[in-house]
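This report concerns only the one structure given below.
The values are calculated or read from the model by the stated rules, or taken from the named source; none is laboratory data. Remember, predicted model here, so these are calculated numbers, not experimental data. Because the Cβ atoms are built from the backbone with ideal geometry, glycine has one as well, and the counts that use them run over all protein chains shown. Accessible surface is based on the protein model in full, side chains and every heavy atom, while ligands, DNA and RNA are left aside. Shrake-Rupley method; radii C 1.70, N 1.55, O 1.52, S 1.80 Å.
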Amino acid sequence: MKRAVIVICDSLRADLITPSDAPFLSEFGRRSAHFANHRSVFPSTTRTSAASIATGCLPARHGLLGNTMAIDEGDGLVCLSVGKPDFRDRLHRATGRTLHRPTLAERVSRAGDTAIAISNVSPGAAYFLDPDGFGWVYNPAGSFGPGRRPLAAEEGLAVSKGEAGDTVATERFCEEVLRGRAPAVALLWLSEPDYTGHHTPLGSPAHRRAVASADEHVRRVSETVASLDPTGENILFVIGSDHGMETVDQTIDLNGLLIDAGLKNAATSSDVVVAPNGTSALLYFADPAGALVGQVARFLETQEWVGRTFVGDELASAGLPTGSPMQIAVTLKADERTNPHGVPGYSHVVRDALEPKDATGFGQHGGLGKNEQNPFLFVAGGGFTPGIRDGRSSLIDIAPTVLRHLGLPATGVDGRPLPHLP
């Protein structure tokens with residue numbers, strides 16, 4: 001039976017895969033199909049990336065636009081964290097739907113098969129792998145079976161983020177999911193090195209240990225896959241990350257700047273709502289066709305911390321929708337300075353009132369910086385031959401590649417199946 005196994009090492013930059021810190025991945029990359037020009041989506045956030053991997057679509061098509069989004073629940077636009085356990089339900093109540101495109105779980109369900117995801121990151125990132133309950137999703141905040149049936153605590157995933165929790169999740173993935181239940185699509189999403197990278201400097205001893213732990217967990221899955229399919233004919237094995245990270249330089253209070261400039265009435269007003277996404281931000285407007293959009297865009301053009309802005313129809317070039325209350329996307333300026341641990345890449349971040357913490361000197365992502373747009377992707381089995389592929393690839397190419405392997409149609413996706421040959 002054809003199967004696909006996907007492992008995501010959250011936030012693992014391709015250039016941080018070294019023989020000293022990630023010996024297994026370094027070796028596996030040499031004997032697999034190595035997609036050397038692999039990119040994330042924008043915003044390069046985990047929750048948006050999860051939806052893009054699940055659907056094979058850009059945010060403009062699937063509708064999950066960031067780690068935070070503004071929605072109108074009846075009293076005007078308000079910024080909410082997509083990561084919260086209740087966001088999926090709030091989005092559905094406000095809009096009548098979750099993602100706008102079918103996920104891998106939905107597509108294999110139609111064919112009579114199933115998908116199982118074990119995700120040790122935020123519940124929002126986990127649930128939007130299969131927000132409408134066509135398969136199983138396991139997450140420490142709550143786990144669900146088909147029909148979004150809540151699973152009992154003893155069936156769930158009671159682990160913490162970090163190496164220890166990833167170890168338990170990996171063991172369960174290998175033994176229960178891969179060996180026992182054998183779904184058509186099995187996905188493991190590790191919390192490391194993202195969890196540590198957000199709390200310690202990139203390249204520090206703690207961060208390097210987190211990279212090593214992810215490497216060890218991938219090795220464990222690879223050994224299981226090899227034992228189940230020694231010839232590599234039946235199991236398509238995909239290993240990658242969702243994005244990289246930059247080192248945080250300054251924190252920009254965009255809400256405060258807009259208020260001071262007379263472009264926003266108050267911190268909680270809905271005339272313009274800032275949705276912070278790390279090294280980027282999305283700006284929503286109560287009147288998307290009003291003059292305020294242009295006024296804010298011109299203000300942003302004067303700010304030295306801005307990398308690039310996308311306004312109105314320009315949003316399409318960034319993979320974002322053009323006909324919604326979100327009318328401006330901004331990515332913050334990044335540079336290639338080296339941090340104290342020898343890791344290049346700094347960027348400003350937008351202050352997030354929902355999570356007001358000082359992350360200066362630690363890792364963050366969300367924008368278009370060189371390093372946050374530098375995830376990795378290795379593919380083995382399923383007819384893929386070893387070797388470097390220099391052509392551009394993206395997160396949105398994973399789903400159509402899986403569907404091709406399973407013999408299922410990939411209609412309505414933005415990505416394309418990855419090449420078997422170099």
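Please compute, over every Cα-Cα pair in the range 277-323, the percentage with a separation greater than 11 angstrom. Show your work: numbers first, answer last.
Details: 775 of 1081 pairs.
I get 72 percent for the Cα pairs in the range 277-323 exceeding 11 Å.
When the label point is put 7 Å from the Cα of T385 along its Cα-to-beta-carbon vector, which residues of the range 30-56 have a backbone N closer than 18 Å?
The answer is 30-36, whose backbone nitrogens lie closer than 18 Å to the label point.
Relative to the present Cα-Cα distance, how much length would full extension add between H199 and D253 at 0.36 nm per residue of separation?
On the way: separation 54, 0.36 × 54 = 19.44 nm, distance 2.04 nm.
Taking 0.36 nm per residue and subtracting the Cα distance, the gain is 17.4 nm.
Pairs of alpha-carbon atoms within less than 8 angstrom and 6+ residues apart define the contacts here; what relative contact order does the range 45-181 have, in percent? Walk me through the intermediate numbers first.
Details: 234 pairs, mean separation 25.2, N = 137.
Result for the range 45-181 is 18 percent.
Scaled to the compact-protein estimate 2.2 N^0.38 Å, what is the alpha-carbon radius of gyration of the chain, rounded to two decimal places?
Expressed relative to 2.2 N^0.38 Å, the Cα Rg reads 0.94.
To the nearest 10 square angstrom, how much accessible area does S393 have with a 1.4 angstrom probe?
0
Any idea what the dipole of the chain comes to, in debye rounded to 20, about its Cα centre with Lys/Arg Cβ at +1 and Asp/Glu Cβ at -1?
Computed about the Cα centre, the dipole is about 960 debye.
When N counts the residues of the range 218-322, how does its alpha-carbon radius of gyration compare numerically with 2.2 N^0.38 Å, as a ratio? Intermediate results must be reported in sequence, preceding the final value.
Details: Rg = 21.6 Å, N = 105, 2.2 N^0.38 = 12.9 Å.
Here the answer is 1.67, to two decimals.
Taking the dipole about the Cα centre of the range 208-268, with the C-beta of Lys and Arg at +1 and of Asp and Glu at -1, give me whichever of T224, S213, G262 is farthest to the positive side.
S213
Please report, as a whole percent, how much of the solvent-accessible surface of the range 279-350 comes from carbon and sulfur atoms (probe radius 1.4 Å).
C and S fraction of accessible area: 51 percent.
I need to check one value: relative contact order of the range 238-300, counting alpha carbon pairs closer than 8 Å and at least 6 residues apart, in percent. Write out the running numbers ahead of the final one.
On the way: 39 pairs, mean separation 12.7, N = 63.
It rounds to 20 percent for the range 238-300.
Could you sort E246, E216 by accessible area so the largest value comes first, with the probe set to 1.4 Å? Before the final figure, lay out the partial values.
Values: E246 0, E216 80 Å².
Accessible-area ranking of E246, E216, largest first: E216, E246.
Can you tell me what percent of all Cα-Cα pairs in the range 161-289 are more than 16 Å apart?
Beyond 16 Å sits 72 percent of the P(r) for the range 161-289.
Would you mind computing, in nm to one decimal, how far apart the modelled labels at N265 and R90 are, each placed 7 Å from Cα along Cα→Cβ?
Using points 7 Å along Cα→Cβ, the separation is 2.1 nm.
Quick one: accessible area per residue over the chain, 1.4 Å probe, rounded to a whole number of Å²?
That works out to 37 Å² per residue.
Take the chain, connect every pair of alpha-carbon atoms lying under 10 Å apart with a spring to form a Gaussian network, then pick out the residue of G391, G96, G407 with the largest mean-square fluctuation.
Of G391, G96, G407, the Gaussian network model singles out G96 as fluctuating most.
Relative to the Cα centre, what is the charge dipole magnitude of the range 33-154, using +1 at the beta carbon of each Lys and Arg, -1 at the beta carbon of each Asp and Glu, and rounding to the nearest 20 debye?
The dipole of the range 33-154 has a size of about 280 debye.
Once both axes come from the Cα atoms, what is the angle between helix 46-55 and the longest principal axis of the chain, in degrees from 0 to 90, rounded to 10?
Taking Cα atoms only, the helix is inclined about 60 degrees.
Over the chain, what relative contact order in percent results from Cα pairs under 8 Å that are six or more residues apart?
For the chain, the relative contact order is 28 percent.
Calculate, axis by axis, the spread of Cα positions in the range 147-232 along the three principal axes, and write the results as whole Å, longest axis first.
Taking the Cα atoms of the range 147-232, the three principal extents are 39, 37, 18 Å.
At a 1.4 Å probe radius, carbon and sulfur cover how many percent of the accessible area of the range 96-225? The partial results should precede the final answer.
Details: 2340 of 4520 Å².
That share works out to 52 percent.
Output the antiparallel fraction of DSSP beta bridges having both residues in the chain, as a percent to the nearest 5.
Around 55 percent antiparallel, to the nearest 5.
How much of the accessible area of the range 377-421, probe 1.4 Å, is carbon plus sulfur, in whole percent?
Answer for the range 377-421 is 61 percent, counting heavy atoms of protein chains only.
Choose one of W305, V248, G142: the residue whose Cα lies farthest towards the positive end of the charge dipole of the chain (beta-carbon charges +1 Lys, Arg; -1 Asp, Glu; about the Cα centre).
Farthest towards the positive pole: G142.
Per residue, how much space in cubic angstrom lies within the convex hull of the C-alpha atoms of the range 1-49?
So the per-residue hull volume is 118 Å³.
Using the Kirkwood radius over C-alpha pairs as Rh, can you work out the diffusion coefficient of the range 333-422 via Stokes-Einstein at 4 °C, viscosity 1.567 mPa s, in µm² per second?
The diffusion coefficient I find is 79 µm²/s.
Would you please state which residues of the range 257-271 a label at A353 would reach in this model, taking the label point 7 Å out along Cα→Cβ and a backbone N cut-off of under 13 Å?
Of the residues in the range 257-271, 257-260, 264-271 have backbone N under 13 Å from the label point off A353.
Can you give me the angle between helix 205-228 and the longest principal axis of the chain, using Cα atoms only, in degrees from 0 to 90, rounded to the nearest 10?
For helix 205-228, the angle is close to 40 degrees.
Can you give the FRET efficiency for E155 and N37, using 1/(1 + (r/R0)^6), R0 = 41 Å, r = Cβ-Cβ distance, to the nearest 0.05? Kindly include the intermediate steps, with their values, before the conclusion.
Details: r = 41 Å, r/R0 = 1.00.
The computed FRET efficiency comes out at 0.50.
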